[in-house]
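Q: Mind looking over this structure? Questions follow.
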Amino acid sequence: MDRLRQNLVRAGAVSAIAVLLSSACWAAQYPQDPAQAATRYLSARQKLHIMGQVGPEALAASDALPKGAVVELTGEIVGHTAVHRANQTTFCLLLRTVEGLTVSLDCTEHIEGLAVGETVQVLASVPEQDTERRHFQLDYLVRQCDLPAEARRPATMVNQSNQQPTSPQTDSPTNGPSASPTDVEPGSVDWATRPAPSPPETQPGDNQQQQKITRWSGWVKQHNSKLTDTECELIVRWVRDYSRLYGVDHRLIFAVIKAESDFDPTCVSHAGAVGLMQLMPSTARTVHVSNRWNVQENIRGGIQYLSQQLARYKGRSNYEQCVLGLACYNAGPNAVKKYGGVPPYDETRRYVIKVTNTFYNLVKQGYP
C-alpha cells in the first residue's frame, strides 16, 4: 500500500474510517464508501492472520503477550490526548475494551472525526520496545458499524493462538487505606474527557512545562504501575489545571490522592466512596459531579470540595487551615465543628498526618 500522507477527513465528509499506520507515518486512505473501508480492514486482518482468543487477564498482564504480536480489540473510545516529549508529539486514543480494560493506542497524527463514545475495532501491535502493559501501537481502525455483522468481533483476538499467559494480573484495586477489592464493578472507570473549564497549562513546544508534567507522571506511576503513561499524564494535567482553577496547591492534591486511593481509579471504600479522590454520592451531588467513575470529574469534584473546606478556615495560619480542611475532607465539616478541631478519630488523625507528611516531602523534594 502506498505511503501517502493525506489530510484527515472530518466526520461529516465520510461515513467510515479505516486507518493504516506504518512505522514512520500515516498511510491513510479514507473511502467514501463504508464497504470499501470494511474491505480494507478485513483484508488487513486476513493478512495479519488474526486467530486465537486472549482474555482480559492476558491484556492486563505485563508480559503475557509477545512483542510484535497483533491483537484485535473491540471497544469504545473514551478519550484522546497528545503527549509532547523531546520535540516529538505522540497522539493517543484511549479505548475501553469490551472486557472492561482501558488501553492506550499510540499513533503519529491526531485522528479527526472520531468522537468519544464511538465503538470501533482496531488492529494494534504490542510494541517491540519495553513499555507498560495495555499500551499498543495502532495499525488499523474502523468504526464497527461499518463492518458487516458477521465480521464484528465482540471479543479481543490475538495472532498468537498458542500463547499462554504467565502469571496473569487482573485489574484489582490497591490495598490502600480505603480500598475494598470486593466492591469494585469491573469496567466502571471512565476516562472520557470533558470540556475543560480553563485553558490547559501546557501548549505544544512548551518544554519547561512538559518537563514538570513528566516528573509528576513518573511520581504517579511509582504508586500505581498499572496506569499507562497516557493515563498518568491525564491525571497530572487534570490535577494541576483544576488546582489552579480552585486555588489549591496541586502538591496538596497529589498528597490527598495518594492517601485516598494510591492513584487507583477503581478504588472503592467500605462506605461506598469511589475513585481517585474517594467521592461519596452526597459529596458528588454537592460539587455537581454526575459520574463519580469519570476520572476527570472525580478529580475536579474532589478538588472543588477540598477548596470549600479550606475556605472555611480562611484567616487561620496556613498550617491550621490545611489541617482543619483535611479533617473536614475525611470526617466531614460537622464533625470538625462539633469537636472544635480535628475529631478524636484514629482514622482521621492518621489521615491528616499522612497527607501533611506527603505534602511536606513533595515541597522539600522540589516537585514543581
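Q: Can you tell me what percent of all Cα-Cα pairs in the range 181-364 are more than 23 Å apart?
A: 39 percent
Q: Please list, in order along the range 309-323, the HN-Hα scalar couplings obtained from phi with the Karplus expression 6.51 cos²θ - 1.76 cosθ + 1.60 (θ = phi - 60°), rounded to whole Hz, x for Gly and Pro.
A: 5, 5, 5, 4, 10, 4, x, 6, 5, 4, 5, 5, 4, 5, 4
Q: Evaluate E = 1/(1 + (r/R0)^6) for Lys337 and Ala151, where r is the Cβ-Cβ distance and R0 equals 56 Å; express this FRET efficiency to the nearest 0.05.
A: After rounding to 0.05, the efficiency reads 0.35.
Q: Could you work out how much longer the chain between Glu347 and Gln211 gets when fully extended? Use 0.36 nm per residue separation minus the Cα distance between them, nm to one decimal. Intermediate results must be reported in sequence, preceding the final value.
A: Working: separation 136, 0.36 × 136 = 48.96 nm, distance 3.60 nm.
Fully extending the segment from Glu347 to Gln211 adds 45.4 nm.
Q: What dipole magnitude, in Debye to the nearest 20, does the range 240-368 give about its Cα centre under +1 on Lys/Arg Cβ and -1 on Asp/Glu Cβ?
A: The dipole magnitude comes to about 360 debye.
Q: Among Gly301, Ser282, Asn334, whose Cα sits farthest toward the positive end of the charge dipole of the range 181-364 (+1 at Cβ of Lys/Arg, -1 at Cβ of Asp/Glu, about the Cα centre)?
A: Of the options given, the answer is Asn334.
Q: Run the dipole for the range 222-307 about the Cα centre, Lys and Arg Cβ at +1, Asp and Glu Cβ at -1, nothing else charged, and hand back the magnitude in debye, nearest 20.
A: 220 debye
Q: Same structure again: Spin-label point model (7 Å from Cα, Cβ direction): what's the Lys67 to Thr286 distance in nm?
A: 5.0 nm
Q: Just in the range 281-368: which trypsin sites (Lys or Arg not before Pro) are loop by DSSP and have at most 12 other Cβ atoms within 10 Å?
A: Lys314
Q: Classify the range 269-368 as rounded, prolate or oblate from the Cα gyration tensor: take a ≥ b ≥ c as the square roots of its eigenvalues, call it rounded if a/c is under 1.5, otherwise prolate when a/b beats b/c and oblate if not.
A: Oblate, since a/c reaches 1.5 and b/c is not below a/b.
Q: Okay, moving on. Under 20 Å Cα-Cα from Lys226, which lysines qualify once same-chain neighbours fewer than 8 residues away are excluded?
A: Lys67, Lys258
Just so you know, all these numbers are worked out from the coordinates, no wet-lab data involved. All of these numbers come straight from a predicted model, not from anything done at the bench. Cβ coordinates were reconstructed from backbone atoms using ideal geometry, including for glycine residues, and neighbour counts include every protein chain displayed.
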